[in-house]
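So the structure is just underneath, and the comments pick up after that.
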Amino acid sequence: MSNYSKQTNWGQFIPLVTVFFFWGFVAASNDILIPVFQKAFKLSQTESMLVQICFYVAYTVGSLIYMAISKGIKQDLVNKIGYKNGLIVGLLISAAGTLLFYPAANLHSFTLMISGLFIVGLGFSLQQIVANPLAIEVGPAETGSQRLTMAGGINNLGTTIGPLIVSFAIFGSAAAATTDVSVESVKVPYLILGVAFVLVAIMLKFSSLPAITPTVTENTDDVVPGQHRKSAFQYPQLFMGMIAIFVYVGVEVSTASNLPAYMEKSLGFETKDVAPYISLYWASLMIGRWTGAVEAFDVSAGIKKILRFLAPYLAFGVFLLVNAIAKHDLSHFYVYGLIIIAMIICDIMSKGNPARMLLIFSVAGIAALLIGMFTTGMVSVYAFTSVGLFCSTLWPCIFALAINGLGKHTNEGSGLLIMMIMGGGIVSLIQGYVADLTNIHFSYIVGVICFAYLAFYAIRVSGILKSQGIDLDKITKGSGH
């Protein structure tokens with residue numbers, strides 16, 4: 001760990017991770033917008049999920065546009081305009097999306113609102129393409145995964161405080177909050193967010209981030225001798241992994257997106273009182289990722305054992321702190337400290353093997369959802385929020401397993417996996433539709449099916465990679481998306 005602090009260019013890394021923060025901030029804040037829009041525009045649960053559809057499908061559309069432009073100019077777009085300019089353009093696109101919130105609120109237009117979120121998502125797609133490799137580039141390659149893990153932790157800090165800040169901006173303080181909210185109250189926080197995008201773009205312009213991408217010599221051989229394939233689609237670990245990313249992001253997002261409706265309709269919560277629980281859900285991902293990040297540090301085995309127990313509770317402490325600042329009653333959340341123990345046990349059982357971790361955490365996710373479905377009251381709420389704990393490390397596990405053995409097709413495979421982030425919107429829509437046909441409580445069966453596929457993928461991909469001579473214990477996981 002000593003080399004890590006000396007070698008990383010913090011002057012470049014710190015301004016870079018602000019974009020990771022924004023991704024988490026906006027994604028989690030959407031869960032606060034959903035019940036607000038649902039009441040303001042009198043939407044069904046299915047219709048309200050258009051918020052997530054527009055935001056997450058924008059990642060896929062943005063990736064397709066990126067590929068089309070790159071093909072049109074016969075050169076990778078980021079290689080042409082450079083890392084720094086790529087991030088700046090992405091931030092300005094997102095800023096343009098927030099501007100739509102002003103006329104949308106004045107005209108009381110749901111279509112303009114979700115169009116604004118779609119444009120914000122388009123900007124994020126370009127930022128995603130640029131920021132992940134750039135996080136590796138600002139220091140030595142051997143510590144790249146550590147920087148990505150830390151960036152993922154910053155992302156989850158955004159997901160934890162985003163719902164609280166947006167809820168405060170819309171409803172006011174916990175003590176003085178109102179239940180009568182006009183959709184016009186949404187425009188100010190998102191215009192402020194747009195200003196923040198522009199300010200960060202200006203900061204990046206004058207930062208020491210590399211203006212152009214380095215020259216990379218692409219590996220022209222497949223990793224597995226004797227296997228020469230023309231497309232990344234010919235690798236079963238990738239094709240199945242694309243479905244895995246789709247359902248993983250789907251269950252992660254849909255669980256939180258449908259939680260406000262469950263708490264309001266089934267448990268009688270006011271919309272203004274849901275934000276701390278949405279924050280807890282996204283904080284659960286931060287808790288799990290801080291725990292998983294322990295393996296990234298070069299410390300003794302004994303210290304790692306201590307950190308494996310200490311890191312999740314430090315992250316939980318961050319959640320409690322920001323909610324204390326927001327003047328929310330913390331007495332409801334202390335019991336969650338016991339639930340975290342289950343995640344720590346799962347982490348220890350995985351022994352750092354990504355396929356084993358994917359299987360164990362997926363089974364735990366199924367258990368959490370089933371407990372939520374077959375109980376009521378706060379037990380069910382904590383069961384549903386604990387899904388965040390078991391989603392926390394799945395992205396890097398799936399990503400690492402899916403691109404292993406692709407050789408010269410690795411970059412192509414990575415781009416295809418990023419496109420599947422659209423699952424966050426589509427699975428949310430499916431769960432909303434099931435909720436309208438049955439009820440919110442039963443609709444979480446959609447998440448159970450998603451986790452079941454992930455467990456299947458963990459078992460199946462292990463056999464595929466072993467047949468290719470790949471040692472699963474030597475696969476290095478990256479960061480959260």
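The values are calculated or read from the model by the stated rules, or taken from the named source; none is laboratory data. Please read these numbers as outputs of a predicted model, since none were measured by experiment. Note: ideal-geometry Cβ built from the backbone for every residue, glycine included; neighbour counts use all protein chains shown. Please note that ligands, DNA and RNA were not included when accessible areas were found on the heavy atoms of the full protein model with its side chains. Shrake-Rupley method; radii C 1.70, N 1.55, O 1.52, S 1.80 Å.
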Exercise for review: Provide a single number: the residues in segment 34-67 that are aliphatic (A, V, I, L, M), closer than 19 Å to ASP436 by Cβ and within 20 Å of the chain's Cα centre (by Cα).
Suggested key: 5
Study note, to complete from the structure: Residue count, segment 411-445, condition open to solvent by less than 40 Å² (accessible area, probe 1.4 Å), out of contact with any Leu (no Cβ under 9 Å at 6 or more places or on another chain) and not in a helix (DSSP H, G or I), comes to 0
Check your understanding: Which number in (1) crowded, with 18+ Cβ neighbours inside 10 Å; (2) under 22 Å from CYS391 (Cβ atoms); (3) more than 21 Å from the chain's Cα centre (by Cα) marks the one condition that THR271 misses?
Key -> (2)
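Here's the yes/no breakdown for (1) modelled with pLDDT of 95 or more; (2) assigned to a helix (DSSP H, G or I); (3) aliphatic (A, V, I, L, M); (4) in contact with a strand residue (DSSP E or B) (Cβ under 9 Å, 6 or more places away or on another chain):
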residue	(1), (2), (3), (4)
VAL223	no, no, yes, no
GLY226	no, no, no, no
LYS230	no, no, no, no
GLN237	no, yes, no, no
TYR248	yes, yes, no, no
VAL253	no, yes, yes, no
Exercise for review: Kindly check whether there is at least one residue in segment 367-384 that is under 30 Å from PHE456 (Cα atoms) and modelled with pLDDT under 90.
Suggested key: no
Review point. Is it the case that segment 126-138 has a residue that's open to solvent by 30 Å² or more (accessible area, probe 1.4 Å), in contact with a helix residue (DSSP H, G or I) (Cβ under 8 Å, 6 or more places away or on another chain) and of a type in the set (D, E, K, R)?
Key: yes
Check your understanding: Is it the case that some residue within segment 332-347 is modelled with pLDDT of 95 or more, open to solvent by less than 30 Å² (accessible area, probe 1.4 Å), in a helix (DSSP H, G or I) and aromatic (Phe, Trp, Tyr)?
Key -> yes
Check your understanding: Limited to segment 56-67, what total is found for residues that are open to solvent by less than 60 Å² (accessible area, probe 1.4 Å) and either of a type outside the set (Ser, Thr, Tyr) or touching an Asp or Glu at 6+ places or on another chain (Cβ under 6 Å) (or both)?
Key -> 4
Revision key, fill the gap. Going through segment 453-467 in order, the residues found to be over 25 Å from the mean Cα position of the chain (by Cα) and aromatic (Phe, Trp, Tyr) are none
Check your understanding: For GLN7, which of the numbered conditions (1) at pLDDT below 90; (2) buried (at least 24 other Cβ atoms within 10 Å of the Cβ) fails to hold?
Key -> (2)
**Study point:** VAL36 hydrophobic (A, V, I, L, M, F, W, C), assigned to a helix (DSSP H, G or I) and modelled with pLDDT under 90
**Key:** yes
